[in-house]
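Remarks on the structure that follows.
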Amino acid sequence: MNSGVKPINQLTFEHLGVEIYATRKEMGVAAGKMVAARLKDLLQKQQHVTIIFAAAPSQNEFLETLAGEPGIDWQRVIALHMDEYVGLAADSPQLFRKYLEDHIINLVHPGEAYFLDGNVESLEEECARYARLLVEHPVDIVCCGIGENGHLAFNDPPVADFLDPKLVKIVELDEKCRQQQVNDGCFSSLSQVPTQALTLTIPALLSGRYLYCIVPGSTKAAAVRDSVKGPVSTSCPASVLRRHPRTVLYLDGDAAALL
């Protein structure tokens with residue numbers, strides 16, 4: 001599954017493989033080629049493949065590469081996403097559903113795509129509906145990022161639970177997490193960022209057979225360091241990636257600066 005782009009360094013932390021690339025573009029291309037190859041391989045062995053996508057600017061280059069890769073039978077792919085804001089208007093450009101539709105779903109047209117809805121009357125029922133989808137469609141591939149506070153999806157340090165009994169839950173967003181949305185240019189001020197979200201839990205994400213984590217940029221360097229060199233703890237939820245047997249972390253030089 002050679003992407004043709006060579007990492008400048010490769011490291012291993014417990015089970016976690018880390019590949020560092022000279023540029024953000026090369027990182028995204030390498031990750032996109034790898035996930036494309038994994039999709040093709042799994043589609044040769046099984047009728048359908050279920051994949052979960054993260055929605056964030058950090059995924060731009062990766063998703064661009066994946067969407068442009070030929071030879072994937074997307075009609076046999078089931079796509080889900082991992083989190084969504086509560087209370088944003090249905091036509092809001094900041095919705096994660098909108099991001100994924102623009103960057104992957106409407107480009108490749110998977111056979112099935114399911115989204116979380118943060119505007120329903122009963123958020124608990126919405127969590128239960130999405131949890132049923134995860135049970136009905138066991139996850140093959142998870143494509144994720146790491147937040148500036150070390151979060152996975154919207155499992156911020158105050159709410160992350162490595163043994164969470166739920167697959168999907170309602171969470172209060174950490175202020176550092178909300179500030180990241182401003183830093184990423186998604187909102188113009190902190191007051192505009194919702195305070196609640198729906199998120200897949202840590203056990204739901206780790207249920208994926210293969211995890212690919214794509215993390216560019218200097219603003220993520222401290223979280224990357226804590227994820228791979230700090231204790232495995234909910235103080236940095238992404239540290240749990242070291243416990244998953246088939247996870248690869250893709251970094252650019254800026255994100256890897258503190259390793």
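The values are calculated or read from the model by the stated rules, or taken from the named source; none is laboratory data. No experiment lies behind these values; they were computed from the predicted model shown. Please note: Cβ atoms are built from the backbone with ideal geometry, for glycine as well, and neighbour counts cover all protein chains shown.
Some notes on this structure:
- Flag if Ile78 is crowded, with 21+ Cβ neighbours inside 10 Å, within 18 Å of the chain's Cα centre (by Cα) and over 12 Å from Leu198 (Cα atoms): no
- For the range 216-259, the set of residues classified as assigned to a loop (DSSP other than H, G, I, E, B), over 20 Å from Ala55 (Cα atoms) and not hydrophobic (A, V, I, L, M, F, W, C) consists of Gly230, Pro231, Thr234, Ser235, His244, Pro245, Arg246, Gly253, Asp254, listed by residue number.
Condition check ((1) under 21 Å from Ala257 (Cα atoms); (2) among the aromatic types (Phe, Trp, Tyr); (3) not in a helix (DSSP H, G or I)) across all residues:
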position: Val171; (1), (2), (3): no, no, yes
position: Gln180; (1), (2), (3): yes, no, no
position: Phe187; (1), (2), (3): no, yes, yes
position: Ala197; (1), (2), (3): no, no, yes
position: Leu211; (1), (2), (3): no, no, yes
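- Enumeration of residues in the range 34-67 that are touching a His at 6+ places or on another chain (Cβ under 8 Å), surrounded by 24 or more Cβ atoms within 10 Å (Cβ to Cβ) and part of a helix (DSSP H, G or I): Gln59, Leu63
- When residues of the range 106-140 are limited to those that are closer than 16 Å to Leu167 by Cα and β-branched (Val, Ile, Thr), the one surrounded by the most Cβ atoms within 10 Å (Cβ to Cβ): Val139
- The requirement of being among the aromatic types (Phe, Trp, Tyr), under 24 Å from Val182 (Cβ atoms) and in contact (Cβ under 8 Å) with a residue 12 or more places away in the chain is fulfilled somewhere in the range 74-89, by at least one residue.
- For Val5: the one exception among (1) over 17 Å from Leu80 (Cα atoms); (2) at pLDDT 95 or above; (3) touching a strand residue (DSSP E or B) at 6+ places or on another chain (Cβ under 9 Å); (4) outside any strand (DSSP E or B): (2)
- Flag if Ile8 is over 20 Å from the mean Cα position of the chain (by Cα), buried (at least 19 other Cβ atoms within 10 Å of the Cβ) and touching a residue at least 12 places away in the same chain (Cβ under 8 Å): no
- Checking each residue in the range 75-109 for being in contact with a Pro (Cβ under 8 Å, 6 or more places away or on another chain) and either basic (Lys, Arg) or in a helix (DSSP H, G or I) (or both) picks out only Gln75.
- All positions within the range 19-33 that are crowded, with 23+ Cβ neighbours inside 10 Å and either more than 21 Å from Asp254 (Cα to Cα) or aliphatic (A, V, I, L, M) (or both): Met27, Ala30, Ala31
- Residue in the range 179-201 that is under 18 Å from the mean Cα position of the chain (by Cα), closer than 26 Å to Arg38 by Cα, modelled with pLDDT of 95 or more and not hydroxyl-bearing (Ser, Thr, Tyr) present: yes
- Filter result for Leu198 (closer than 30 Å to Gly87 by Cα and in contact with a Phe, Trp or Tyr (Cβ under 9 Å, 6 or more places away or on another chain)): yes
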